[in-house]
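> Dropping the structure in here first, questions after.
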């Protein structure tokens, strides 16, 4: 992520109820076109305001990386702003700014994406510049050395100096064995130190091509016009041939994994995760949607079970949540995290969460409770329409991880169809101890602060 | 966290007014109990966004630090005969969202719901009870107090938060803005439920309230909803103005030692009240200095030239009394000296010489060309209107904004900075593994 100050790792965000939906009451027409060179273009016309967002998604991210070069996708994302054949370092951003635009980029486990939000008539500026850096990136040693320092600072900010962030990194590395999800998106510090400009050049050559990308435009635009502008700017970029990516399927987990992680911190922290399938990997879609609702029952809204029973009822947690991202590319984790209430232990909190899971295994959820979760999903689908950016994000992400953007239109119906029995069944089938990883972060005392002050 | 809220406010006040686009008209009326209402009808989506803004921020805490914040936390934890769980269930059953939070100046209750009758009947019914008859149950009070205490403890594991707290304390001295919004451990521990009730009774009143609604409802509906939710609040008394802020003559340097890999660096001084006559000049100047990401000088120098930080920025945060001008970054401990010197140098030079013509043109292009982006969703519209009305800006603020920005000269910006900002007056806080901490 190249953001300056806002710290959100999109796919890395553990705790959001991902709700990809299409409320029946609104038109939801997506126009699709594939250029001869393989570039896929998706357009959604939304005329509420005279603005548009343009996003270019590449099918590459941290989960495509292998040992020794972790973080290369993200560093390359940074370098995509540092000059091309026809643009000086920083000139890309300067042109977007001069056109009143906002821009940024983000890297996840399964994608790297670039975006500009602009007044709708400036669409061509965005397409021209994205086409330029898709084919003519100019990787320069001087810019690289500096930008690598920036990425290391980003890592220190997000991970080294954030006790919970650091804990999550160790947690993932233990939970996954052969899956590339074990590596941090930003890369291990040593890999960053060892990285060479040549690593980036190879990565760029290998993945940045029209037939590995999706252009998504949402806003006050005309689809046919977007298609013709895209043809004009991207049409001549040659496709490249790809060797299929290795599958790197996670090996079966054969028993619970536990670890203690010590951090300089004040509050203890619990992380738990069960191995689960996702939309892209399952042949039983209903299971995935049932897991989605299961995470809602536990953690969607203030009335959900973890808040209701663990934070308010038993007061064993000061906060607790569950999360599941059904849109990952590879098998993933059904996650729990929490901080014990004052005077309560990590063991007690873990036990309370396990007991909630046991409950779900034994007793089907009440219809009223299920309806409450579905109502939230339906409302959230409307709320998301308030943002062009998120509409584009949904399409781009589904397409890029391999699910296909058309799945978006099914989401709401599939979620609505989930029954209490299905939720009970997935709890029994997937939330089992042998597939569980647990981490207890134990806070270590912070050196007492020394403070010095003097006049300037 | 607090800084983010302030950034947003400063930002939202700034984003406004193009001639090329229809600017929404803000409708306004007043209730008998003094509540001021602002409404912008929108089309296209069946949803309603509302914010109730009470003049009841943490600056009203007095000796009881954390009182305003804890009151706002308890507001939806029991109302009339409803328990916290019932409140949550009713809102969740229709997918509505409600939350309350405090800043130094205000406490806001925010609400989002689908706008159909059936949904609103349930969701708005809950909001009405929460605003009018919060019950502050003892069990919820003691739990939320414990949670706040833990959250206060957790501040100590974040060097960035520690830096913010130290900076506000130094910049504002004995002024109420000096204190953390959530209060201090000792002060929160002492709070009683009766104190929360008294605070609610005194400050959650009609004459202290601004209501903003944006969404797919009619004026008539809006009037009915507002009457229902806040029409029966007592008029009460308007909160007395918050004391003026004395600008310290000289800034201090505060170095806190913390076992982190990065040192967090913050510069700050109190500068701007809402509606200050220098606002536009300072806003556009800051856009160039450190407010517009990659095209701003601080980012260019600290990040693009030297690779010293991931995040580097500056901003003005206008408040009811003088809110801060801040500059910030985080850098590995070894680079601290270089980063501090470079930041200081950028500011000094900017104040000294002002922006170049080229920079000013680029800033104007960015602000005016991006105007449409500021109002492209209900959520942003709500944020903008709240920013305008709580600051007391004229309701046609959006219509004249770009004009005012475009009228500025480099000289005016330079002069405004020279009048209002000086590195000598800024407090510098560093929190990190600082070898010189004992100097």
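Residue-wise test of (1) surrounded by fewer than 20 Cβ atoms within 10 Å (Cβ to Cβ); (2) in contact (Cβ under 8 Å) with a residue 60 or more places away in the chain; (3) within 11 Å of chain A (Cβ to nearest Cβ); (4) not in a helix (DSSP H, G or I).
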position: B:139; (1), (2), (3), (4): yes, no, yes, no
position: B:146; (1), (2), (3), (4): yes, no, yes, no
position: B:150; (1), (2), (3), (4): yes, no, yes, no
position: B:154; (1), (2), (3), (4): yes, no, yes, no
position: B:157; (1), (2), (3), (4): no, no, yes, yes
position: B:165; (1), (2), (3), (4): no, no, no, no
position: B:169; (1), (2), (3), (4): yes, no, yes, no
position: B:174; (1), (2), (3), (4): yes, no, no, yes
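Every residue, every condition in (1) part of a loop (DSSP other than H, G, I, E, B); (2) more than 14 Å from residue B:145 (Cα to Cα), yes or no:
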| site | (1), (2) |
| --- | --- |
| B:189 | no, no |
| B:196 | no, no |
| B:207 | no, yes |
| B:210 | no, yes |
| B:222 | no, yes |
| B:234 | yes, yes |
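Here's the yes/no breakdown for (1) at pLDDT below 95; (2) within 13 Å of chain A (Cβ to nearest Cβ); (3) outside any loop (DSSP other than H, G, I, E, B); (4) closer than 29 Å to residue B:419 by Cβ:
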{"site": "B:355", "(1), (2), (3), (4)": "no, no, no, yes"}
{"site": "B:358", "(1), (2), (3), (4)": "no, yes, yes, yes"}
{"site": "B:362", "(1), (2), (3), (4)": "no, yes, yes, yes"}
{"site": "B:367", "(1), (2), (3), (4)": "no, yes, yes, yes"}
{"site": "B:379", "(1), (2), (3), (4)": "no, yes, yes, no"}
{"site": "B:386", "(1), (2), (3), (4)": "no, no, yes, yes"}
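> Condition test on residue A:432, is it away from chain B (no Cβ under 14 Å) and surrounded by fewer than 22 Cβ atoms within 10 Å (Cβ to Cβ)? Explain how you work it out, then say what you get.
Working: away from chain B (no Cβ under 14 Å): yes; surrounded by fewer than 22 Cβ atoms within 10 Å (Cβ to Cβ): yes.
So residue A:432 fits the description; yes.
> I've got another one for you. Pick from region A:71-91 the residues that are more than 11 Å from chain B (Cβ to nearest Cβ), touching a strand residue (DSSP E or B) at 6+ places or on another chain (Cβ under 9 Å) and free of Cβ contacts under 8 Å to residues at least 60 places away in the same chain: which of them is farthest from residue A:104 (Cα to Cα)?
The residue in question is A:85.
> May I pose another question? Are there any helices (runs of 4 or more DSSP H) wholly within region A:154-260 with 3 or more residues that are in contact with a strand residue (DSSP E or B) (Cβ under 6 Å, 6 or more places away or on another chain), closer than 28 Å to residue A:395 by Cα and not assigned by TED's automatic domain parsing to the domain that holds residue A:389, and if so which?
Result: A:223-234.
> Right, next: For residue B:236, all conditions in the list (1) under 25 Å from residue B:319 (Cβ atoms); (2) surrounded by 22 or more Cβ atoms within 10 Å (Cβ to Cβ) hold save one; what is the number of the exception?
Here residue B:236 clears every test but (2).
> OK, next. Can you pull out every residue in region B:46-72 that is within 13 Å of chain A (Cβ to nearest Cβ) and surrounded by fewer than 22 Cβ atoms within 10 Å (Cβ to Cβ)? Steps first, answer last, please.
Here is the first cut: in region B:46-72, the ones within 13 Å of chain A (Cβ to nearest Cβ) are B:46-49.
Matches in region B:46-72: B:46 only.
> Here's another thing I want to ask about it. Return the residues of region B:102-121 that are within 11 Å of chain A (Cβ to nearest Cβ) and either in contact with a strand residue (DSSP E or B) (Cβ under 9 Å, 6 or more places away or on another chain) or crowded, with 23+ Cβ neighbours inside 10 Å (or both); say none if nothing qualifies.
Correct list: B:112, B:113, B:114, B:115, B:119.
> Moving to a separate point now. Here is a check on your reading of the model: is residue B:130 farther than 30 Å from residue B:274 by Cβ, within 14 Å of chain A (Cβ to nearest Cβ), in contact with a strand residue (DSSP E or B) (Cβ under 9 Å, 6 or more places away or on another chain) and not in a loop (DSSP other than H, G, I, E, B)?
No.
> Of the numbered conditions (1) within 12 Å of chain A (Cβ to nearest Cβ); (2) in contact with a strand residue (DSSP E or B) (Cβ under 9 Å, 6 or more places away or on another chain); (3) surrounded by fewer than 24 Cβ atoms within 10 Å (Cβ to Cβ); (4) more than 30 Å from residue A:385 (Cα to Cα), residue B:298 fails exactly one; give the number of that condition.
The single condition residue B:298 does not satisfy is (3).
> All but one of (1) over 23 Å from residue A:429 (Cα atoms); (2) assigned to a loop (DSSP other than H, G, I, E, B) hold for residue A:375, so report the exception by its number.
Of everything listed in (1) over 23 Å from residue A:429 (Cα atoms); (2) assigned to a loop (DSSP other than H, G, I, E, B), residue A:375 misses just condition (2).
> I'd like to verify a number: residues in region B:76-86 that are surrounded by fewer than 23 Cβ atoms within 10 Å (Cβ to Cβ) and either touching a residue at least 40 places away in the same chain (Cβ under 8 Å) or more than 14 Å from chain A (Cβ to nearest Cβ) (or both), how many?
4
> Given the conditions (1) under 16 Å from the mean Cα position of the chain (by Cα); (2) buried (at least 22 other Cβ atoms within 10 Å of the Cβ), which single one is not true for residue B:99?
Failing condition for residue B:99: (2).
> So, one more: Tell me, yes or no, whether region B:395-415 has at least one residue that is in the same structural domain as residue B:328 (by TED's automatic domain parsing), outside any helix (DSSP H, G or I) and within 23 Å of the chain's Cα centre (by Cα).
yes
> Quick check on region A:93-113: of everything there that is closer than 24 Å to residue A:48 by Cβ and without any contact (Cβ under 8 Å) to a residue 60 or more places away in the chain, which residue is nearest to the other protein chains (Cβ to nearest Cβ)? If you could, list the steps in order and put the result at the bottom.
At the first step, the residues of region A:93-113 found to be closer than 24 Å to residue A:48 by Cβ are A:96, A:99-104, A:113.
Applying the additional criterion that residues be without any contact (Cβ under 8 Å) to a residue 60 or more places away in the chain yields A:96, A:99-103.
Values: A:96: 9, A:99: 6, A:100: 2, A:101: 7, A:102: 6, A:103: 9 Å.
So, considering only residues that are closer than 24 Å to residue A:48 by Cβ and without any contact (Cβ under 8 Å) to a residue 60 or more places away in the chain, the one nearest to the other protein chains (Cβ to nearest Cβ) is A:100.
The values are calculated or read from the model by the stated rules, or taken from the named source; none is laboratory data. Owing to the predicted nature of the structure, the values given are computational and were not obtained by experimental measurement. Using ideal geometry, Cβ is built from the backbone for each residue, glycine included, and neighbour counts are taken over all protein chains shown.
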